[in-house]
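Everything on this sheet refers to the single structure shown next.
The values are calculated or read from the model by the stated rules, or taken from the named source; none is laboratory data. Since the structure is predicted, the reported quantities are computational estimates derived from the model, not experimental observations. Cβ atoms come from the backbone with ideal geometry, glycine included; neighbour counts cover every protein chain shown. Quick note on the areas: whole protein, heavy atoms, side chains included, nothing else; ligands and nucleic acids left out. Shrake-Rupley method; radii C 1.70, N 1.55, O 1.52, S 1.80 Å.
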Amino acid sequence: MDLLNGLWKIIYDYITNTEMWKAFVNNVITIIFIIVGTIVVVKVGQVVLRKLFKGRQGTRLRMSEKRETTFEKLVLNVFSYVIYFVAFVMIINVFVDVKGLIAGAGIVGLAVGFGAQNLVKDIITGFFIIFEDQFSVGDYVRIGTFEGFVEEIGLRTTKIKSWTGELHIIPNSSINEVTNYSVNNSVAVVDVSIAYEEDIEKAEGVLHEVVEDMASSYPEIVRPPEILGVQMFGASDIVIRVIAEVLPMEHWHIAREMRKAVKGRFDEKGIEIPYPRLVTYRREELEEIERENTKR
């Protein structure tokens with residue numbers, strides 16, 4: 001009974017301790033101010049940094065647009081991380097003396113270091129990706145099994161958005177091989193099928209007319225298209241290949257327009273593009289054919 005009374009007295013004294021509650025309220029208010037201040041500083045800082053990057057657009061020292069966008073997002077990323085880290089330390093300092101934590105950080109840091117190896121690799125790899133300009137925001141790349149436009153290059157991860165809308169987040173340390181489609185000119189490849197009964201010379205002449213019209217109508221084509229000739233003999237068609245060197249990432253658009261133009265011009269000239277056919281006979285017709293064959 002005495003033990004319960006003593007325990008209850010301790011709990012009662014703790015609950016009714018006004019100094020403790022004052023300290024608790026002060027700590028809560030301090031934390032709220034730190035959180036609100038952090039949000040304000042991050043928002044204002046990002047606006048200022050964006051204006052600084054926009055102000056560089058009229059200067060002679062301006063870098064390429066894609067590289068500038070990459071650096072802008074990276075700087076905004078780093079700025080946010082630094083502010084959040086400072087806010088985290090300030091909140092910890094409300095409860096515990098940070099100086100004491102720093103004094104013991106040697107042993108703790110050694111233990112954390114082994115567990116943060118991947119994080120360090122991510123940051124180092126991200127730095128070299130940006131420093132060597134391997135790819136930039138807006139480039140179309142393939143990394144491993146993922147393919148799409150680069151949305152963001154951060155200190156730890158790279159974000160790629162596929163053309164169907166999926167956003168792939170890849171740790172920088174796992175990026176071993178990158179295929180960048182946005183650096184050099186692309187090549188649009190169009191395979192045109194004609195029937196075996198058609199005249200190849202006539203078909204190639206029509207294709208010459210098509211590519212000449214397209215070369216003068218589409219500024220994306222940087223070199224006159226070429227007709228390479230017969231590419232393949234198919235089961236029911238002859239395939240003629242046409243190629244055109246175009247600006248980076250314009251090969252899909254030009255290839256679609258070229259197919260459309262070829263179809264229209266072939267229809268005008270009466271050149272047949274073969275397609276699968278299905279012939280059906282009624283039972284009576286088959287019997288009639290068999291009787292005629294028997295008479296012969």
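Multiplying each eigenvalue of the alpha-carbon gyration tensor of segment 140-239 by 5 and taking the square root yields semi-axes of 40, 17, 11 Å, largest first, rounded to whole angstroms. Near residue 139, the amide H atoms lying under 5 Å from its own belong to 150; only residues 5 or more places off or on other chains count, and H is placed 1.01 Å from N.
Measuring r between the beta carbons of residue 292 and residue 235 and using R0 = 45 Å, the FRET efficiency lands at 0.90.
Once all protein chains are placed together, residue 216 keeps about 100 Å² accessible to a 1.4 angstrom probe.
Listed cross-link partners 73/161; 51/159; 43/73; 202/263; 73/159; 43/121 are compared with a 19 Å cut-off, the Cα-Cα value being larger for 51/159; 43/121.
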